[in-house]
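Just so it is clear, none of the values below were taken in a lab; they were calculated from the coordinates. Keep in mind it's a predicted model, so treat the numbers as computed, not measured. Cβ placement follows ideal geometry from the backbone for every residue including glycine, while neighbour counts extend to all protein chains displayed.
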């Protein structure tokens with residue numbers, strides 16, 4: 001883990017889009033802050049040793065990398081880090097931290113809600129309500145159903161905990177296969193999804209986007225799933241081959257899908273996913289609770305205190321792997 005000497009007052013370039021970063025007064029107590037939007041980032045980076053990327057998906061750092069000669073630490077206000085995994089940053093000695101853990105519980109609750117939506121067919125109930133039709137139907141229990149959670153980091157483990165609490169049987173999928181995992185028991189290798197997904201009623205994607213996971217759920221995986229199974233994606237849209245997903249849904253290869261993330265994003269008007277009845281779509285909001293902005297701010301302030309005191313930072317991204325390794 002990186003440790004800084006803490007001998008000088010940090011200079012923080014704070015990149016934002018519309019709303020200013022939270023807990024700004026606390027940040028200003030600890031550092032000299034240069035608030036900037038993307039078009040002013042080059043100037044703000046001159047002499048700055050910290051970039052607080054509150055505009056978490058902005059490509060401005062990549063575009064202004066030549067101005068970042070004094071940069072030592074980048075913090076992004078999101079759990080995903082792929083948006084800043086450009087070659088120059090990866091090869092540099094700049095430490096990269098993210099907001100791992102802050103949104104995990106909220107995302108896990110959303111994933112459970114998606115599973116309940118599919119099992120209880122709430123979309124059809126809403127449509128019948130809108131049509132003022134009283135039509136009795138049966139639905140599925142989730143107790144005793146099986147789920148494969150792809151991604152065994154903080155979010156995946158919270159999902160496993162909630163699913164187990166309602167009586168579901170949960171396994172995981174990660175970089176390598178193993179047994180005896182504290183939260184999952186059995187963890188399959190993500191590269192072997194096509195050979196294991198047929199055993200599960202729900203496949204839930206919560207993995208980071210890396211070169212290994214891009215397009216992980218392809219036509220082969222979708223065709224191997226149970227025709228009664230549901231797919232949930234609360235990770236990144238590019239984990240799934242969208243064209244293959246549309247085909248699988250249209251042909252009944254899987255029963256349904258619930259997507260908080262898509263590719264492309266935002267999903268354009270007229271895209272086939274909008275029209276399919278066995279699809280639930282939300283606009284990349286599963287971690288965004290009423291208090292999440294303040295929670296993200298707390299994490300950065302704590303890490304800035306650590307930086308100022310020469311202590312180890314939390315949530316350091318392994319830039320070779322593309323995520324924060326577990327303990």
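Per-structure values
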| item | result |
| --- | --- |
| DSSP beta bridges in the chain [antiparallel fraction, %, rounded to 5] | 10 percent |
| Compactness of the stretch 231-316 - radius of gyration and Dmax, Cα, Å | 18.5, 58 |
| Relative contact order (percent, whole number), the chain, Cα cutoff 8 Å, 6+ residue spacing | 19 percent |
| Calculated on alpha-carbon atoms, Rg and Dmax of the stretch 138-242 in Å | 12.7, 42 |
| C-alpha long axis of helix 154-165 to longest principal axis of the chain, angle in ° | 40 degrees |
| Neighbour-count order for 95, 251, 282, fewest beta carbons within 10 angstrom listed first | 251, 282, 95 |
| Counting all C-alpha pairs of the chain, share separated by more than 33 Å (%) | 32 percent |
| Descending Cα extents along the principal axes, the stretch 88-152, whole Å | 63, 30, 19 |
| Kirkwood Rh, Cα atoms: Rg over Rh of the stretch 1-139 | 1.21 |
| Fraction of antiparallel bridges per DSSP, the stretch 174-324 only, in percent to nearest 5 | 20 percent |
| Packing-based ranking, highest mean first, of 30-41, 204-215 given that Cβ atoms within 10 Å are counted | 204-215, 30-41 |
| Packing rank of 259-267, 77-85, where each peptide gets the mean count of other beta carbons within 10 Å, highest leading | 77-85, 259-267 |
| Cα long-axis angle, helix 104-120 against the chain (0 to 90 degrees, to the nearest 10) | 10 degrees |
| Helix-only mean residue ellipticity at 222 nm for the chain, each DSSP H run of n ≥ 4 adding -39500 (n - 2.57), per residue, nearest 500 | -8000 deg cm²/dmol |
| Evaluated over the stretch 104-281, the Cα radius of gyration and Dmax, each in Å | 15.7, 51 |
| Cβ crowding within 10 Å averaged over residues, with 233-243, 17-27 ranked highest first | 233-243, 17-27 |
